[in-house]
1. Rounded, prolate or oblate for the chain? Axes are the square roots of the Cα gyration tensor eigenvalues, ordered a ≥ b ≥ c, and the cut-off for rounded is a/c under 1.5.
2. Take the alpha carbon gyration tensor of the range 4-77, find the square roots of its eigenvalues, order them as a ≥ b ≥ c, and report rounded if a/c is under 1.5; if not, report prolate when a/b exceeds b/c, else oblate.
3. Search the structure for amide H atoms under 5 Å from the amide H of R287, placed 1.01 Å from N in the peptide plane, and list their residues when 5 or more places away or on another chain.
4. Helix-only mean residue ellipticity at 222 nm, the chain, DSSP H runs n ≥ 4 weighted -39,500 (n - 2.57), per residue, nearest 500. What is it?
5. Check L208: other-chain or 5+ apart residues with amide H under 5 Å from its amide H, H built from backbone geometry?
6. Could you derive backbone 3J(HN,Hα) for the range 241-248 from the dihedral phi with the Karplus parameters 6.51, -1.76 and 1.60 (θ = phi - 60°), listing whole Hz in sequence and x where the residue is Gly or Pro?
7. Which residues' amide hydrogens lie under 5 Å from the amide hydrogen of H306, considering only partners 5 or more residues apart or on another chain, with H built in the peptide plane?
8. Expressed as a whole number of Å, what is the distance separating the alpha-carbon centroids of the range 286-320 and the range 15-36?
Amino acid sequence: MSAGAWINQALHAVARFGVADLLGHGPASADDLAARLDVQPRPLYRLLRALAGLGVFHQEPDGRFALTPLGAPLRTDAPNSVRHTLLMLGGEQYRAWASFQDAIRLGGTAFAHHHGVGVFEYYRDRPEESAIFNAAMRELSRDEDPIISHTHDFARATRVMDVGGGTGGLLSRLLADHAHLSGVLFDQPATVGLARDRGELPVDRCVLVGGDFRDTVPRGADLIVVKNTLHNWADDDVVAILRNCRAALPAGGELLVCERTIGEPNQPSFAHLLDLHMMATPGGQVRTVGEHAALLREAGLLLTGHVPTAAIDIMTASPA
Ligand SMILES: C[S@@+](CC[C@H](N)C(=O)[O-])C[C@H]1O[C@@H](n2cnc3c(N)ncnc32)[C@H](O)[C@@H]1O
């Protein structure tokens, strides 16, 4: 545990240099890789040797390194790629953790203490890091989107809006799986621009709207989805976002809140660790189902269902 950050940074370096993309063509020596990546051969050798000890690479008898099944998702084009997730977590978000104790001692976020701005302002001004963040969100969504699409009953909805829907991964999945649905993607203007550039959402069935969900949420959808977004925000902001969703919903409309939730104490839980990362970076939190119910109630919504799944919890709510 004490040395966990070393592993994160070793993996981050490998992801940054694109080592796994080169090894996708077959085993290679550290010298060969170093020449192609324009890095120092001996330090690269020691990096790969350490990660081979963790099963990420395999060192062959002739000294060359090969990609293992564990390391394969480091490739950019792997179907289960985690490269952008590592670039995001090991980059500016990792550096923010250097100020983690300030968040505990003084409040505020470690990210703002360290970088001087909030995480979303930071990305707004940095297109390259923002592209990595959005790609990481899609990687992290990969297992969640099909589960949401197949678990919830979308038959009763006609128009679904994903609020804070990123570059539209979940929405394109829902529109592909449920032919009767039309869609609205709502996110920050720059993120919506990235979604438009991807050209993935069907233009005849989907509109893309940029804005700030703390100010207003567009009307027109009878089903609103908010996934992995409320955990970015403190309670007051969450209530504001939910009130805006409530105001946008017609009578009989429904809200889907998809989030990991805090479960039983004393159990190993990714949700507990993600909660710390939310404290460190955007200043939000991972919540219990009961805490979600209370915030929904404050916003004029009633929690009507909770379906825990392997990837994410799906909570349904209706106007109270
Ligand atoms: C953690 S990401 C989740 C994205 C997506 N829902 C997913 O599950 O992958 C949070 C999203 O909220 C968006 N966001 C942040 N601040 C926003 C704001 N003030 N108004 C609208 N969207 C915002 C971000 O651009 C980002 O796409």
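Each reported figure results from applying straightforward, stated rules to the coordinates on display, with no laboratory input. As the structure is a prediction and not an experimental result, all values here were calculated from the model.
1. prolate
2. Working: a/c = 1.19, a/b = 1.13, b/c = 1.06.
It comes out rounded by the Cα gyration axes.
3. I262
4. On the way: 16 runs with 149 residues, N = 320.
Per the formula, -13500 deg cm²/dmol.
5. Excluding prolines and chain starts, which carry no amide H, the hits are L185.
6. 5, 5, 4, 5, 5, 4, 5, 7
7. Hits under the 5 Å cutoff: T316.
8. Measuring centre to centre over Cα atoms gives 46 Å.
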